[in-house]
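Everything on this sheet refers to the single structure shown next.
None of the figures in this text is laboratory data; all of them are computed from the coordinates on show. Values in this document were obtained by computation on a predicted structure and should not be read as measured data. Neighbour counts are summed over all protein chains in view; Cβ atoms, including those assigned to glycine, are modelled from backbone coordinates with ideal geometry.
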């Protein structure tokens, strides 16, 4: 089989760059993200890097550009995307004067890593999604990999959407101020919207209803993924330290609403 | 099986792998070396300069601790014979660990007449 030419590779990187910036620009312009870069302990940042890498592995394996890729190829692609994410994040942060002369290296590195995690996922999604379609790549239109693959993609979608609002103070504010019944309402709304997007919206690639049990199973699983993704992100931003369990759960519920939309719509949009 | 990678793709992979290994190693080393001492702020005052009837003093706040200080409030007092004759305040949103932030405070009295006393209070994020 013929390898890609340099020009084709450059096109692919160009798509990745566009996708990376599209998904991450709101966060590159968000000061809570910069703060997270110097507030988070170095080991937590290293953990974020590892977490992002695992997400990339999952996305590239089940939904990425080369769905027929072998594991070694997926590993290599994910390293590339994370590396390019770091470079892109550093470049934009430099232009925005968030890093550069006068800013200590540890502070700059923290900011770059926090932003790079979102840029890298955007890179991966952009490479796969902004593709004009064509020759060899789009082979397996059928969902060969099944329920587990869908959950991985849903998880990526949840992280991508939830990350946009997670670093802001508003999550805590809503969690503290909203009444218990409203939060319960938010749970119900999350489930209903998730179900609508997945099954009843005639969305691109939304699923045919195969009985109520199937709808309940898919919707519940999606919401569960959204809850887990929200909890992980909130933990990263230090939102659980010194907080009563009830407030922690309230924050998870608040963030799980956008995360569910990411998990359900993302599940349909992100998969190629 | 996908086609072979070309030179450009291998180069991008090599750079990415080195970058990633470097960043991860730096973070892990920094993480295992840094203590749990929390933020620790040192306030330094510079030479006063007169301008428009007031005297401005540059303030440097240095965080020598292991964590970021939030909402650092620097209190600067002019003391003569143990009496406070004037006091000024400065708030800095964040002073990250091992970092320096700068600002200025203004006094109506000439600070050369007195001793200057500066201290900082902060929140831990």
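With 10 Å bins beginning at zero, the pair-distance distribution over Cα atoms of region B:1-70 amounts to 15, 20, 18, 17, 15, 9, 3, 1 %. Its convex hull of Cα atoms gives chain B a direction-averaged projected area, equal to a quarter of the hull surface, of 13.2 nm². Cβ-Cβ distance of residue A:68 and residue A:43, R₀ of 56 Å, FRET efficiency by 1/(1 + (r/R0)^6): the value works out to about 0.95.
Distances between every pair of Cα atoms in the protein assembly as shown, grouped in 20 Å steps from 0 to the bin holding the largest one, split as 25, 47, 22, 6, 0 percent. Overall size of region A:146-269 from C-alpha positions, given as principal axis extents largest first: 44, 27, 19 Å.
Using helices alone, what [θ] at 222 nm do you get for chain A, with -39,500 (n - 2.57) per DSSP H run of 4 or more residues, divided over all residues and rounded to the nearest 500? After summing the helix terms and dividing by the residues of chain A, the value is -24500 deg cm²/dmol. Report summary: the helix-based calculation at 222 nm, which adds -39500 (n - 2.57) for every DSSP H run with n ≥ 4 and divides by the residues of chain B, gives -7500 deg cm²/dmol. For A:121, B:85, the sequence from fewest to most other C-beta atoms within 10 Å is B:85, A:121. Quick check: from the Cα gyration tensor, does region A:6-129 come out rounded (a/c under 1.5), prolate or oblate? Cα axes put region A:6-129 in the prolate bin. Estimated from the Cβ-Cβ distance and a Förster radius of 56 angstrom, the FRET efficiency linking residue A:200 and residue A:97 is about 0.75. For chain B, relative contact order (Cα pairs under 8 Å, six or more residues apart, normalised by length) works out to 26 percent. Only Cα pairs under 8 Å and 6+ residues apart enter the sum, and on that basis the relative contact order of region B:24-75 stands at 38 percent. Label zone of residue A:176 (point 7 Å out along Cα→Cβ, amide N under 17 Å): in region B:58-76 this covers B:70-71. Taking every alpha-carbon pair under 8 Å whose residues sit at least 6 apart, chain A reaches a relative contact order of 26 percent. By how many degrees, between 0 and 90 and to the nearest 10, does the Cα long axis of helix B:7-33 differ from the longest principal axis of chain B? Long axis of B:7-33 versus the principal axis of chain B: about 40 degrees. Computing FRET efficiency as 1/(1 + (r/R0)^6) for residue B:40 and residue A:105, where r is the C-beta to C-beta distance and R0 is 30 Å, gives about 0.95.
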